[in-house]
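Have a look at the structure below before the remarks.
The values are calculated or read from the model by the stated rules, or taken from the named source; none is laboratory data. Computed from a predicted structure; not experimentally measured. Here Cβ is always computed from backbone atoms with ideal geometry, including for glycine, and neighbour counts include all displayed protein chains.
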Amino acid sequence: MISSPAPAEALRQTDAFAPVLTTDHLSIHYGARSALNDVSLAIERGSVTSVLGPNGAGKSTLLKALAGVIAPSHGDVRFRDAILRRPHPDIIYIPQRSGAEWTFPISVIETVLLGLARRTPRFRGFNSTERASALEALDHVGMLPLADVQIGALSGGQQQRVFLARALVTRGDVLLLDEPFTGVDVPTQDLFLDLFEDLRGRGVTIVFATHDLDHAARSSTRAILINNSIVADGTPNAVLTQDILTRTYQGRIMVFDHHAAQQGDPGNRS
Amino acid sequence: MIDQLAEPWHYAFMQHALLAIVLVGITSGIIGTFVVLRGVGFMGDALAHAIFPGLAISFITGGNIMVGAIIAAIIVSLLIGAISQHQRVNNDTAIGVLFVGAFALGIALMTSQASFQRDLTSFLFGSILGVTQSDLLTIALVSAALLSVLYYFRREITTISFDRTFAAATGLHVWRYDQLFLVLLALTIVTGLQIVGNVLILAMLITPAATARLLTDRLWMMASLSALIGAIAGIIGLYVSWYQGIASGSAVVLAATAIFFLAYLFAPENGIITPRVRHALHHPNPEHDAPIDATSSEHSVG
C-alpha cells in the first residue's frame, strides 16, 4: 500500500490473474437505443471468456467496445490500466465473417499478411521473415496447403481459419472473436477449441461471443450472459443453468442438457 | 501498313494526344481497379458530372479548367461523404442528390454565357486533339501524384476495400481513407476529362478494370493489366478515330468495350467459351466438376 505506484503497476502486469481488460459502468447507445447498459467487468489474463445472450443482446457491441472500435457512451474500457480510446495493436478483434468482400482478388497468404501490414515499413514489400510467420500461422490452422488459393474459393470454415491465422500472425495477447463458430464446419470448430487451449497456455486472453452453449461450456473458463446488461457471470458450470438461461433468453430457450455439455468441459481436464 | 501506323504521329497534336491517352489509360486503369472492387462505379459517374460547375466557373473566369474541376470534385466528394453520414440519407441517395444538383448548376452557369454550345460539347465528349503541351504536363503531374499517393496508402486502401470491419478493428480511420480515395478518383476523372469527356470517362475507369478482373485473381496483376488494357484501348481508339473520323472519346471507349467482350468470352479461366472448349477437349466424359482441394481435416466430418 505504501510502495510507489510504478512497481505496483509492474507487478500487476506480470501477475497471471491480474485483469488485462476491464470495463467500468460501460454503457453504449446507438442513437436513442441502448445496446449495452452499465456493464462492469474484469477480464483476467490468460482466461477464456464466452459471452452469451439472445440476438440483439449486445454481444457484438461489447466485443467492439473491448476492441476499442466503438466508443463508450458512458463509463470506460481499460486495457492494462490505461483507458482504451482506439484499437490497440495488442488487442485483436475478429469480426463476424460476413464483413469481407469474398470476390476480392486476394490469396489466402496475402490475407494473412494484411495482419502485418501496419507494422511493415511502407516502402518495401513483405519480406521472407514476414512470409514465414504468415505461413506458420496458416500451418497452425491447417491451411498451409491452400496458401495460394483465392479467398473466395474457400468454404466458410476455411475462411474463418484464415481470419484466425491473420489474427495469430500479429501475436497480440488479447483475442476477441465475434461468433467464430457460426457457419463453420465441425472440424474447424474443434480446431478452434484446441487452439484456444493452446493460446491460453501461452498467456493469451480470449473473449468470444457465441450462440452455442455447448462451445461455451466446453472451451471457456468463464461465461458471461448478457441481455443489454449482465444477467450472470461465473464459471460455465455455475452460470449455464436452466434458470439463468431462461432469464437471459427471456423464456425463448427451453431445453439445455447441462450434464451432456459438462462432459466436454475443459475445466475437468486442467 | 507501317506508313499507315506511323502517319498520325508526324503531327505534334497527335503525339500529345497519344501520350495523354496512354497516361489517362494507365491512371484510370489502376484507380478503376479499386472502383470496380469496391463497387463504387456510381460514385465515379457522379463525380464526373459533379465537376461541371468547376469547369463552368473556370471557363467563365478564364482560370485553369483543370484546377476548377479538381476543386469542384473535391468539394462534391467531401459533401457526399459528409451528407451520407446522416442516418436517413444513405450513400447512393447523397450521390444522387449532389450529382444531379451540381451538374445542373454547371449547365446553368454554362448557358448563362453566350458562346457555350461548342465548349459544352467539348466537355461532354472531350477534345483530345486539342491537348496542348501544358495540358500534357498537368496530366502527367496529376497522374504521377495520385499514383504515388495510392502506392503510399496501398495497404490501407486494400484492407479497407477487402474487409472494412477488420480495417476499423485494426484502428484504420476508414472514413478518412474513403475520402482520400474519392479525392484520388476525382483527380483521375479530371485528368481524363479532356481526353474522353466527362460522360465517357466512367468507361475508362470501369471497363479496363472489369476486363482485368476476368483475367486474374491477383490484385496487383489486376491493376497492371487494367492499366495496360486502358493504354492499349487508348491507342487503338486513337487510330480508329484518325482513320474513320469518329469522335476520339467514343472510339477509345468502344475499343475498351471490345476488349472487355473478348475477355468475357475467351478469358482462359473465367471466359464463357474457353473453359468449355478446354473441358470438351480434355474431358470427353461429362463428370468433371473439380471442387477445391480441401484440407485433410475437412473430409473427416462425421
Show the residue pairs meeting these rules: Cβ distance below 7 Å; 6+ apart or different chains; first residue within the range B:46-64 and closer than 16 Å to B:ILE74 by Cβ; second residue in a loop (DSSP other than H, G, I, E, B). B:SER58/B:ASN64
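Does A:ALA216 qualify as being farther than 30 Å from A:GLU136 by Cα and within 17 Å of the chain's Cα centre (by Cα)?
Taking the combined requirement at face value, the residue does not satisfy it.
Select from the range A:49-94 the residues that are more than 30 Å from A:THR120 (Cβ to Cβ) and surrounded by 19 or more Cβ atoms within 10 Å (Cβ to Cβ) and list them in ascending order.
Once the filter is applied, which keeps residues that are more than 30 Å from A:THR120 (Cβ to Cβ) and surrounded by 19 or more Cβ atoms within 10 Å (Cβ to Cβ), the range A:49-94 yields A:THR49, A:SER50, A:VAL51, A:LEU52, A:GLY53, A:ALA57, A:GLY58, A:LYS59, A:THR61, A:LEU62, A:PRO72.
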Enumeration of residues in the range B:12-60 that are surrounded by fewer than 24 Cβ atoms within 10 Å (Cβ to Cβ), over 13 Å from the mean Cα position of the chain (by Cα) and over 21 Å from B:SER250 (Cβ atoms): B:ALA12, B:GLN15, B:ILE57, B:SER58, B:PHE59, B:ILE60
Out of everything in the range A:22-41 that is surrounded by 14 or more Cβ atoms within 10 Å (Cβ to Cβ) and of a type in the set (Gly, Ala, Ser), what residue ends up being farthest from A:PHE79 (Cα to Cα)? A:SER34
Would you check if A:ASP243 is surrounded by fewer than 22 Cβ atoms within 10 Å (Cβ to Cβ) and under 18 Å from A:LEU62 (Cα atoms)? no
Counting only residues that are part of a strand (DSSP E or B) and either hydrophobic (A, V, I, L, M, F, W, C) or at pLDDT below 90 (or both), how many does the range A:35-54 have? 9
Being of a type in the set (Gly, Ala, Ser) and at pLDDT 90 or above: is that true of A:ALA209 here? yes
Name every residue in the range A:129-173 that is assigned to a loop (DSSP other than H, G, I, E, B), surrounded by fewer than 22 Cβ atoms within 10 Å (Cβ to Cβ) and more than 9 Å from every other protein chain (Cβ to nearest Cβ), in order of residue number. A:ALA147, A:ASP148, A:ARG171, A:GLY172, A:ASP173
Scanning the range A:63-113 for residues that are on the phi > 0 side of the Ramachandran plot and assigned to a loop (DSSP other than H, G, I, E, B), which turns out nearest to the other protein chains (Cβ to nearest Cβ)? A:GLY68
Pairs, first within 11 Å of chain B (Cβ to nearest Cβ) in the range A:183-199, second in a helix (DSSP H, G or I) and among the charged types (D, E, K, R), C-beta under 9 Å, six or more apart: A:ASP185/B:GLU298; A:PRO187/B:GLU298; A:THR188/A:ARG161; A:THR188/B:GLU298; A:LEU191/A:ARG161
Just give me the residues in the range B:47-69 being small (Gly, Ala, Ser), at negative phi and out of contact with any Ser or Thr (no Cβ under 9 Å at 6 or more places or on another chain), in sequence order. B:ALA48, B:GLY54, B:SER58, B:GLY63
Taking interchain pairs and intrachain pairs at least six residues apart, which have beta carbon atoms under 6 angstrom, with the first residue in the range B:163-190 and within 13 Å of chain A (Cβ to nearest Cβ) and buried (at least 19 other Cβ atoms within 10 Å of the Cβ) and the second part of a helix (DSSP H, G or I) and aliphatic (A, V, I, L, M)? B:ARG164/B:VAL174; B:ALA167/B:ILE160; B:ALA167/B:VAL174; B:ALA168/B:VAL174; B:ALA169/A:ALA67
